[in-house]
Structures are given as structure tokens and as C-alpha cells.
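Q: One structure, as C-alpha cells, below. Some questions next.
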Amino acid sequence: MTALPATDQAIARAAQALARGGTVAFPTETVYGLGANALDASAVARVFAAKDRPRFNPLIVHVPDIATAERYATFDATARKLAEAFWPGPLSLVAPKRPDSGIADLVTAGLDTIALRAPDHPIAQKLLAATGLPLAAPSANRSGRVSPTTAAHVETELGDLPAMILDGGPCERGIESTVVRVTGDSPVLLRLGAVPREAIEAVLGSPLPLVQDGTEIASPGQLERHYAPSTPLRLDAADVREGEALLAFGPNVPEGARGTINLSASGDLQEAATNLFASLRALDACGAGTIAVMPIPDQGLGEAINDRLRRAAKAR
Ligand code: TXA
Ligand code: MG
């Protein structure tokens, strides 16, 4: 499937494909998603098959707004406060699923919670309005691989599998949504992402602890091999070694790499996040034995960038 420009006509056709149980790849502000009607178990099964995704890893359901989210989940005061502060936007909230939600069990991997978010992207919002359906949409990549931030990346990852790919240009945020569990006890950060932890803590007025990897299967997707290019990564690199490509950050870049991409010459973390996945793909294709990665400050969005890089480096 080649990607189509996301005109109103293409969006209307995409909505029809979704209503018939097809899958559609569409842009969000974070990364491209592979969407299906979350109420239709066989449509959702097509998403798992296209991605080769393990069935224990639940999907995020996309909705236009808070009122729609509350049809599918019970929001307590904390959930509502976070949704009001960050929606539409790159924050996914894991809340108790309503027993009468109608959401296919496969979406939530049989859990009694559901992850919901309202995307801040005009094409995603138009698609939600055109379907009137909740759309289950994981990132539109093969399981374990780098998330797509352009329609061309989706073509590379999924080929003919989606019924349609809507092209809305490159994604502005560049890394996936932050996932926070709000199920009654104090909120827990399940996945670092495009909303920095500090911004959520400022709204909560309290620290937001990160779930510990491996100690809890609370966010099943976090246990997988993830965000991985085929070339091995060497993190916190201060120099470049023979045959290496370089993923640089900031103004002082060592010479001698086989190929260099600077995530942000000015050291801007949002710019670095936006460029991260496309840069990993490009360096992966340049034939280097290793990709050396310069250190990135571990604050604000840097925390999520470093999380993705560590998982990519650990993958082999
Ligand atoms: O930015 C994003 O969130 C993108 C775009 C397309 O919206 N979507 C995305 O979906 O990254 P995916 O499927 O690649 O990641 C979903 C994450 C996984 O880590 C999954 O384990 C977690 O959300 N998750 C989903 N439902 C959950 C639940 N009920 N409890 C705990 N974690 C859940
Ligand atoms: Mg993903």
C-alpha cells in the first residue's frame, strides 16, 4: 500500500475501511499509529497480526475527548485533572475499564484496565470524527522495532498490510505518548514519553514514580525488546571508533564517523525527540558496524529519549 495524502476524501475512505473492519495507518503528533475499530475483535486481531505483536501487550485506544473516554473507562479526580491538563495531547491514561464498554478484550489483553488518549493532531481528530469509533492504535511498526514518524516508514514496516496509509507528513513530537496509570492508588508512570515527567508532577503537585522494569507486569509492552535498529548501539560515546556511525547531540561533535546525524546542534531536546527515530533508521542503513550515541542530558524530554536509546541498545 502506498501512502495517500490525507485529504478529506481520503479520510472519508479511511473511515469506511475502519467501519468495515479494516486497518488504517494514520499520523498522530507522536508517531504513526495502525488503527482499528476497538469494538471489533477481528479488526483488532488484524492489527496484532500485521505487527506480529504478542497478544499479552494491550493497545492504546484513541478518542476525541474526555467525555468519550469516560464511556469506556472510569476516571477518578486525578485522571480527570491530568486529562484536562494534557488532552488533546501525548498522554495516555490507564484507568479501570467499564464492564459495559464494548471494547474488545483483545485490545486490553484481558486486563480490567484500558489505556486511552485524545491525540493532538488534526488528521487523527478528523478520522475519529469521521468514524465515530474508538480507535485502537499501536505504533505502526513491526513489534520491537523503531516507531514510524513518517508515512514512508510505515510503508517500509508494514508493506501491504494496512487497508490504507494516510500521509500527514512527519510527526512533530517524535516519541510515543507518556503512559500513566490512574487506578485509584497514587498515579504511576508506566512509560516515559512525549510529556515530560516534570510537567505531570507539576499538575499533580507530587512526585510521579516510574514503574520498575521487570518487577511488575503493569505495562506489558515495557518488557519487550523495543525501539531497536539492526545495528548495535554504543551509548554515552565521547569519541568515534573505526567503522562507527555517529548519532550526535549538541554543538561539539567528534570527527571521523562513517555517517553523522546530529539530533540537535543547538542541544534542544524537543528537536532531538522529533528527529530520534528517523535518525536511527537512517544510520541503521549506512552500513556501519556500530552506531555511537553521544550523551543526552537526562532531564525533561531527555529522560524519554534516553529510555528509548537504552532499550534499543539492550535489544541484542
Ligand atoms: O504515542 C503513542 O502512544 C502511539 C500513538 C500511535 O498514539 N501509540 C503507541 O502504542 O505507542 P503502543 O501499542 O506501541 O504502546 C502502548 C503502550 C504499551 O507499552 C502497552 O503495554 C501500554 O501502552 N498499555 C496499553 N494498555 C495498557 C493497560 N491496560 N495497562 C498497562 N499498560 C497498557
Ligand atoms: Mg510501539
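The values are calculated or read from the model by the stated rules, or taken from the named source; none is laboratory data. Everything quoted here is computed from the prediction, not taken from an experiment. When we count neighbours, we look across all protein chains shown, and the Cβ atoms used for this are built from the backbone with ideal geometry, even at glycine. We work out accessible area using only protein heavy atoms, side chains counted, and drop any ligands, DNA or RNA first. Shrake-Rupley method; radii C 1.70, N 1.55, O 1.52, S 1.80 Å.
Q: For PHE56, all conditions in the list (1) at pLDDT 95 or above; (2) within 16 Å of ligand 2 (Cβ to nearest atom) hold save one; what is the number of the exception?
A: Evaluating PHE56 over (1) at pLDDT 95 or above; (2) within 16 Å of ligand 2 (Cβ to nearest atom) leaves (1) as the failure.
Q: Which of the residues spanning region 139-152 are more than 15 Å from GLY22 (Cα to Cα) and surrounded by 20 or more Cβ atoms within 10 Å (Cβ to Cβ)?
A: Matches in region 139-152: SER139, ASN141, ARG145, VAL146, SER147, PRO148, THR149, THR150, ALA151.
Q: A follow-up question, please. Name the single residue, out of those in region 153-175 being away from ligand 1 (no atom under 15 Å from the Cβ) and aliphatic (A, V, I, L, M), that is surrounded by the most Cβ atoms within 10 Å (Cβ to Cβ).
A: MET164
Q: Does ALA129 qualify as being over 21 Å from ARG46 (Cβ atoms) and either part of a helix (DSSP H, G or I) or without any contact (Cβ under 8 Å) to a residue 60 or more places away in the chain (or both)?
A: Here the answer is yes, as ALA129 does meet what is asked.
Q: Okay, next question. Among the residues of region 2-46, which ones are of a type in the set (Val, Ile, Thr), modelled with pLDDT of 95 or more and touching a helix residue (DSSP H, G or I) at 6+ places or on another chain (Cβ under 8 Å)?
A: Listed by number, the residues that qualify are ILE11, THR23, VAL24, THR28, VAL31.
Q: Let me ask another. Of these, GLY132, GLY110, GLY144, which one is on the phi > 0 side of the Ramachandran plot and away from ligand 1 (no atom under 13 Å from the Cβ)?
A: Of GLY132, GLY110, GLY144, the one residue that is on the phi > 0 side of the Ramachandran plot and away from ligand 1 (no atom under 13 Å from the Cβ) is GLY132.
Q: Ok, one more. Name the residues in region 32-59 that are open to solvent by 30 Å² or more (accessible area, probe 1.4 Å) and over 23 Å from ASP160 (Cβ atoms), would you?
A: Listed by number, the residues that qualify are LEU39, PHE56, PRO58.
Q: State whether the residues of region 22-34 include one that is touching a Phe, Trp or Tyr at 6+ places or on another chain (Cβ under 6 Å) and either more than 26 Å from ALA273 (Cα to Cα) or more than 8 Å from ligand 1 (Cβ to nearest atom) (or both).
A: Checked against the condition, which is being touching a Phe, Trp or Tyr at 6+ places or on another chain (Cβ under 6 Å) and either more than 26 Å from ALA273 (Cα to Cα) or more than 8 Å from ligand 1 (Cβ to nearest atom) (or both), region 22-34 yields at least one hit.
Q: Could you say which residue among ASP105, ASP65, ASP120, ASP76 is within 25 Å of ARG197 (Cα to Cα), surrounded by fewer than 16 Cβ atoms within 10 Å (Cβ to Cβ) and in contact (Cβ under 8 Å) with a residue 60 or more places away in the chain?
A: From the options ASP105, ASP65, ASP120, ASP76, the qualifying one is ASP76.
Q: Need pairs with beta-carbon distance below 6 Å; first residue of a type in the set (Ser, Thr, Tyr) and within region 32-46, second open to solvent by less than 10 Å² (accessible area, probe 1.4 Å) and within 12 Å of ligand 1 (Cβ to nearest atom); sequence gap 6+ or separate chains.
A: TYR32/ALA25; TYR32/ALA140; TYR32/PRO148; TYR32/VAL154
Q: From the list ALA73, ALA83, ALA109, pick out the single residue that is out of contact with any Lys or Arg (no Cβ under 7 Å at 6 or more places or on another chain) and aliphatic (A, V, I, L, M).
A: Only one candidate passes the filter, namely ALA83.
Q: Within region 196-230, work out how many residues are at pLDDT 65 or above, closer than 30 Å to ALA245 by Cα and of a type in the set (S, T, N, Q).
A: 1
Q: Here are some residues: ALA313, ALA278, ALA272, ALA304. Which one is modelled with pLDDT under 95 and part of a helix (DSSP H, G or I)?
A: Checking each option against the conditions leaves just ALA313.
Q: Taking ARG181, is it at pLDDT 95 or above, more than 16 Å from ligand 2 (Cβ to nearest atom) and within 17 Å of the chain's Cα centre (by Cα)?
A: It is true that ARG181 is at pLDDT 95 or above, more than 16 Å from ligand 2 (Cβ to nearest atom) and within 17 Å of the chain's Cα centre (by Cα).
Q: Evaluate region 8-18: report whether one residue or more is open to solvent by 10 Å² or more (accessible area, probe 1.4 Å) and in a loop (DSSP other than H, G, I, E, B).
A: Checked against the condition, which is being open to solvent by 10 Å² or more (accessible area, probe 1.4 Å) and in a loop (DSSP other than H, G, I, E, B), region 8-18 yields no hits at all.
Q: Mind checking which residues of region 235-253 are surrounded by 17 or more Cβ atoms within 10 Å (Cβ to Cβ) and on the phi < 0 side of the Ramachandran plot?
A: Hits for region 235-253 are LEU235, ALA237, VAL240, GLU244, ALA245, LEU246, LEU247, ALA248, PHE249.
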